[in-house]
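Here the structure comes first, spelled out in structure tokens, and everything after it is commentary.
The values are calculated or read from the model by the stated rules, or taken from the named source; none is laboratory data. Fair warning: this is a prediction, and the values are worked out from it, not measured in the lab. Every residue, glycine as well, gets a Cβ built from its backbone with ideal geometry; the counts of neighbours run over all protein chains shown.
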Amino acid sequence: MTNIVGMILTALAAVTVENIIFSGGIGFSRVLRAARKPKTLGMYSAFITVFSVISSVMGYYLNRLFPESELSPILRPAALAVCIALVYILAAGILKLSVPAFYKKYGQILSPAAINTVVLSMPYVIGNYRLGLWDAVGFALGTGVSFFFATVILSRALHQCKNEDMPNAFSGLPATLIYIGILSMAFAGFTGGKIF
Amino acid sequence: MKFRHGVQGVKLDQQKELSLKHKIKNLPMADELPLKPNFNLNGKKDYNYILNAAQKSQIVDEFDGIPLDKKLKKLRGLKPNMIVACCFDEDPWTTSAMAVLREYTAEVISGLEYAAKACGIKERKIAVATKEEAKFIKSINSEAELILAGDRYPARVLLKKKLYSQNIKAFYIGAQACLALDSAVKEGKVQQDTVVTVAGRGVERWSNVKVPLGTELKTVLKFCGVSDKTKMIITGSSLTGKAVLDLTEPVTPSTRCIIAIKKAKKDISYPCIGCEKCASACVRSIVPWKILKVMKNKKPDPLMLTNVQKCIGCQACSVVCPSGIDLAEVVKKAADLKKSGDFE
Amino acid sequence: MILNYAKGPFIKNVPTIPSMMRDVIFTLSVLLIIPIVQYGVRPLVMAVCTMFVSVICEIIFNLIQGNKIGAGDGSSLVTGLMIVMLMPVNAPIWLPCMAAVFAVIVAKMPFGAFGHTPFNPAAAGVAFAALCYPHLVFRYIDSSAKNLPAFGDCTGDIVSSTAAVLKNGLKPSILPLDMLWGAFEGPLGTTGILIICAGGLYLFIKRTANWEITAAFLAAALIIAAFWPRIECSMITSVKYELLSGSLLFCSVFMVTDPVTSPRTKPAKIAYGFICGVLVMVFRRFGAFEQGACFALLIANALAPQIDVIFSGSFETGDVLYEK
Amino acid sequence: MKNKRLLIKEANTIFLNGMFFKNPILVGALGLYPIVAAGYNLKNAVELSLLFLFISLPTSLLFCLIGEMVPLSVRPGLVLCGCALFYIPAAWLTQRIIPGSIESLGMLAGLMICNSMILSRVNDYAPTHIGIAVFADTLGCSVGFALVICLVSVIRAAWLKSGIWQTNIGIYGTGEKGISLPFFGFILLGFFAAFVQFINKKRSTKAAKRRAAK
């Protein structure tokens, strides 16, 4: 029971105070791409959540597997990435064979959802915060939710960042980047600068 | 979860006291205008008699510019259950209808009675703007059956909506048309003059003037002491009326007011700030800012232009917009687009 | 007599944008009176400098952009003045000026100036200053200090503001009733509680600001302060301290009600105010700084279009919605 | 002979596009994370630029050779594996050039493996283009990446006034100095992107004028 409560609290923290997407700036290239296709936005976030959970659980065990040494900062990321790649290939294969209609519809967002900075950063974040297994899962879930929020907010912002009164040079991506910057600034007010 | 606004319309700054202070003045007939002779009708003052009188006297309803006899004929077929004389002025500067009612209360009442008889309606009401005005009229003539139209613009539409929600099919007639009908039935007079409000910073004496039909505008303006610094002359209404360039234009029954403005209108507009004032001002449940947003797209989607075809062009949205955007024009464009079917 | 032609309508209803701006600038200037009486000319110098800088920034940006420099809508004056109100009186003059530069150059002009800003520029400017120079933005001089120098550094006892005391979980020593007169430490324009209330009333009556948002905002803050107090005290005391300390009340009247960045429909406005109030309290409790109103406002601004869509009853994550 | 000259000219254009005119960061918003998070001092910037070059060059050349043999659904996974594989020598090399760099970068170095700029270049561009084009593009992107991250970090370091080449102070810099937080990186990127967009708009109007003159 305490595990579950802890998990939920960690998830809440991941959405607000320890929001790695907004205040950490992680994974915004994916957020922007997801926001441009609002139709697949929900499924995209669901994929991200699932893969984040897998990655954080995997990271939890991998962190123990590699003892601290001179080579560990070089080998650990590589091992992690290979594991994620294997998970992705496995997931793609299973989906393709078992639910081909679903795969046809959402296949093209599976790879960006599985292979990105958000998913891969999970093990590091867990290591930094020294989270337990349940908390790690909670953090991954919370990050998935905040990814969803980020995409929903940005999908509206994309229209605000393109109007005829704004300077030509800023219309589109530049304004969106500034928009993200200001929003990220707001979330930085939670941490006051110290993120990890 | 759509929210309906309780209060609709706009409350405008009223400028009525100055022109209501004095009695209606008479402008002498110009020499070149032909004097129309009286006509004679015999018989009982029944439906046909009144219709004939209306036709012979060439009365035009000042609110919509339609000849009164045609209006009455059409009405008999429609069978409404109430006839309302509009004795209020929506426009903040105009007082002609109010002044007519104040000065010719009995005549307006009897004219309304004739009109009601002509189309077989029992219930008849005189609509005035405010409670104070109603009290004032009651003190002049206690027989008047009054109904309140409210002081929010556009009052006519709001009154219509109010009556409609009470399941009353009402019909509306102008105050001056009532007056003219009365004198036509009683004395066989042809409608020869109309009461016009002259107001605005550009004239010295704000007043209601009884002007012979066909008089040139400049004669009326001169009568009231127009200033040389006047930049703009508006007739009809300060909201929906038009600016006049040629002062030799004649006065018609639907002129109702002449406003001389000293300051030329400045067309400064800011971007929409999303205050929702236009939506609460609209009496036809159009949401003008949404229409504006859709119309700014390169290819406006007609499905998003809800209700635009219902627009009556009352300009309430444009008046109330703090950014000074001409929303009425946008809605009109949207309605034209929707009507034209020029989309895939 | 030369007659002009124009299209109707020929009359204009107040409020118009310039009149709204005038109203806001007027009420904000009234807020300056108490600090000027208390500290000398310094608050006035700060306000003038910041407004000047923000207007200059707008002009420069317009020049680069190749726009004509018109009469302007006065919105950058309002932005500058609001930033000054949220700074301590002993802050160096360049600090509000820098916040104003950020507000105009980053948060306002790139998005197409007034009417298109997705975030409240003043809030963005203050948040930026708070993040970059927290030791200057949250450093308050003792309120008994008199005759501060107009430009130079202020010397005097540095005390922690009521908001900071609350943040540390302690009970402030000042009585809530004394706080009404504004003689306590806090951002420059936010201590005159009574004047803020009067100014808010004035703006609501003139229909320049929406009272619904403010009401919802304060209701949310009140509920949270009453049921989850940060300090050990009675419900009423907690509510009094939470509402009267820091920039909460000022933000609720002047910043949250900004029509450009708030949602459009009435129920959405109420929801927006409520969410904003909750966020402010969350920031107060979990945030890094003693004041979170500006940060909370920025997040609420980002949510505003979404709230609007949800309340207009057309929430769907389909293409149809987003293409419009 | 003529072909060769044309090829070099083409490669030159591809390089310039990757570096500036179609800079994947400023035009495509790819690989933002290292810039906003780590670009607060020049040391980080140089280390990450080196790492970027060492990972992306061999990986894209490899996938230029074998990319088209791999089915589309599996390819992203293999690309990630490739990046992970080449990360080991790249990290070792960077460590050699600037001692202690990988440890101090921490997760930033590890996350370069899934930098979306490298992934998209290797996954989409490399398999369908010839070797020289891929080489020029990768080089251009690397230079572009280095340019942007160095510029961002120089501006931030100059603001912080604490020396351009300093040792790492935690993944996100110090808490006291707000400039080193990611948000300021985003804002700077926004202004850079506006500059690139401005130049590109100018170029396209000029080209249109030239076409009209003809």
Selection count, the range C:283-303, where residues are surrounded by fewer than 24 Cβ atoms within 10 Å (Cβ to Cβ) and either more than 8 Å from every other protein chain (Cβ to nearest Cβ) or within 11 Å of C:Ala221 (Cβ to Cβ) (or both): 1
When residues of the range C:259-269 are limited to those that are over 18 Å from the mean Cα position of the chain (by Cα) and assigned to a helix (DSSP H, G or I), the one nearest to B:Glu276 (Cα to Cα): C:Lys266
Hits in the range B:127-162 - residues which are of a type outside the set (Gly, Ala, Ser), farther than 19 Å from B:Cys314 by Cα and part of a helix (DSSP H, G or I): B:Lys131, B:Glu132, B:Glu133, B:Lys135, B:Phe136, B:Ile137, B:Lys138, B:Ile140
Among the residues listed as B:Val251, B:Val220, the single one being crowded, with 23+ Cβ neighbours inside 10 Å, at pLDDT 85 or above and either over 18 Å from B:Leu27 (Cβ atoms) or more than 7 Å from every other protein chain (Cβ to nearest Cβ) (or both): B:Val251
Number of positions in the range D:99-136 that are more than 9 Å from chain A (Cβ to nearest Cβ), of a type in the set (A, V, I, L, M, F, W, C) and touching a Ser or Thr at 6+ places or on another chain (Cβ under 9 Å): 6
Evaluation of B:Pro322 against (1) facing another protein chain (nearest Cβ under 10 Å); (2) assigned to a loop (DSSP other than H, G, I, E, B); (3) modelled with pLDDT under 85 (one fails), failing number: (3)
Criterion (at pLDDT below 85, more than 7 Å from every other protein chain (Cβ to nearest Cβ) and either in a loop (DSSP other than H, G, I, E, B) or in contact with a Gly (Cβ under 8 Å, 6 or more places away or on another chain) (or both)) met by exactly one of B:Lys266, B:Lys229: B:Lys266
In the range D:86-98, residue farthest from the other protein chains (Cβ to nearest Cβ) [restricted to those that are assigned to a helix (DSSP H, G or I) and touching a residue at least 12 places away in the same chain (Cβ under 8 Å)]: D:Ile97
Leading residue by the ranking (nearest to the other protein chains (Cβ to nearest Cβ)) among those in the range B:279-304 that are assigned to a loop (DSSP other than H, G, I, E, B) and within 28 Å of the chain's Cα centre (by Cα): B:Val287
Leading residue by the ranking (nearest to A:Gly189 (Cα to Cα)) among those in the range C:115-129 that are at pLDDT 90 or above and facing another protein chain (nearest Cβ under 7 Å): C:Ala127
Test: residue in the range C:106-124 that is outside any helix (DSSP H, G or I) and among the aromatic types (Phe, Trp, Tyr): yes
Among residues of the range B:228-240, those that are touching a Phe, Trp or Tyr at 6+ places or on another chain (Cβ under 9 Å), without any contact (Cβ under 8 Å) to a residue 40 or more places away in the chain and under 26 Å from B:Ile59 (Cβ atoms), counted: 1
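For (1) without any contact (Cβ under 8 Å) to a residue 40 or more places away in the chain; (2) out of contact with any strand residue (DSSP E or B) (no Cβ under 9 Å at 6 or more places or on another chain); (3) more than 25 Å from D:Gly82 (Cβ to Cβ), each residue gets a yes or a no:
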site: A:Leu9; (1), (2), (3): no, yes, yes
site: A:Pro38; (1), (2), (3): no, yes, yes
site: A:Met58; (1), (2), (3): no, yes, no
site: A:Glu70; (1), (2), (3): yes, yes, no
site: A:Leu80; (1), (2), (3): no, yes, no
site: A:Leu90; (1), (2), (3): yes, yes, no
site: A:Pro100; (1), (2), (3): yes, yes, yes
Failed item, numbered, when D:Ala37 is tested on (1) more than 9 Å from chain A (Cβ to nearest Cβ); (2) touching a Phe, Trp or Tyr at 6+ places or on another chain (Cβ under 9 Å); (3) not basic (Lys, Arg): (1)
Given (1) surrounded by fewer than 24 Cβ atoms within 10 Å (Cβ to Cβ); (2) within 30 Å of A:Ala169 (Cβ to Cβ); (3) in contact (Cβ under 8 Å) with a residue 60 or more places away in the chain, number of the condition C:Ile56 does not satisfy: (3)
Hey, B:Asp31 loosely packed, with under 14 Cβ neighbours inside 10 Å, among the acidic types (Asp, Glu) and in a loop (DSSP other than H, G, I, E, B) or not: yes
Residue in the range C:71-82 that is buried (at least 22 other Cβ atoms within 10 Å of the Cβ) and more than 17 Å from C:Asn120 (Cα to Cα) present: no
Those helices (runs of 4 or more DSSP H) lying entirely in the range D:99-146 with at least 1 residues within 23 Å of A:Ile74 (Cα to Cα) and at pLDDT 90 or above: D:116-120
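Yes/no per residue for (1) closer than 19 Å to D:Leu189 by Cβ; (2) surrounded by fewer than 24 Cβ atoms within 10 Å (Cβ to Cβ):
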{"position": "D:Ala11", "(1), (2)": "no, yes"}
{"position": "D:Phe21", "(1), (2)": "yes, yes"}
{"position": "D:Gly28", "(1), (2)": "yes, yes"}
{"position": "D:Pro34", "(1), (2)": "yes, no"}
{"position": "D:Tyr40", "(1), (2)": "yes, no"}
{"position": "D:Asn44", "(1), (2)": "yes, no"}
{"position": "D:Ser60", "(1), (2)": "no, no"}
{"position": "D:Arg75", "(1), (2)": "no, yes"}
{"position": "D:Cys83", "(1), (2)": "no, no"}
Of residues in the range D:106-140 being of a type in the set (A, V, I, L, M, F, W, C) and free of Cβ contacts under 8 Å to residues at least 60 places away in the same chain, the one surrounded by the fewest Cβ atoms within 10 Å (Cβ to Cβ): D:Leu119
Selected residue (only one of C:Thr265, C:Thr257 is more than 14 Å from chain A (Cβ to nearest Cβ), modelled with pLDDT of 90 or more and under 20 Å from A:Gln160 (Cα atoms)): C:Thr257
Residue list for the range A:92-108, restricted to those being closer than 13 Å to A:Tyr44 by Cβ and within 11 Å of another protein chain (Cβ to nearest Cβ): A:Gly107, A:Gln108
Residue identified as without any contact (Cβ under 8 Å) to a residue 40 or more places away in the chain, more than 25 Å from C:Gly40 (Cβ to Cβ) and part of a loop (DSSP other than H, G, I, E, B) among C:Ser173, C:Ser144: C:Ser173
Conditions (1) surrounded by fewer than 20 Cβ atoms within 10 Å (Cβ to Cβ); (2) in contact (Cβ under 8 Å) with a residue 60 or more places away in the chain; number of the one not met by A:Val125: (1)
Filter result (charged (D, E, K, R) and assigned to a helix (DSSP H, G or I)) within the range C:270-304: C:Arg284, C:Arg285
Some residue of the range C:4-18 being more than 14 Å from chain B (Cβ to nearest Cβ) and more than 20 Å from the chain's Cα centre (by Cα): no
B:Gly274, sole failed condition from (1) closer than 25 Å to B:Lys162 by Cβ; (2) free of Cβ contacts under 8 Å to residues at least 40 places away in the same chain: (1)
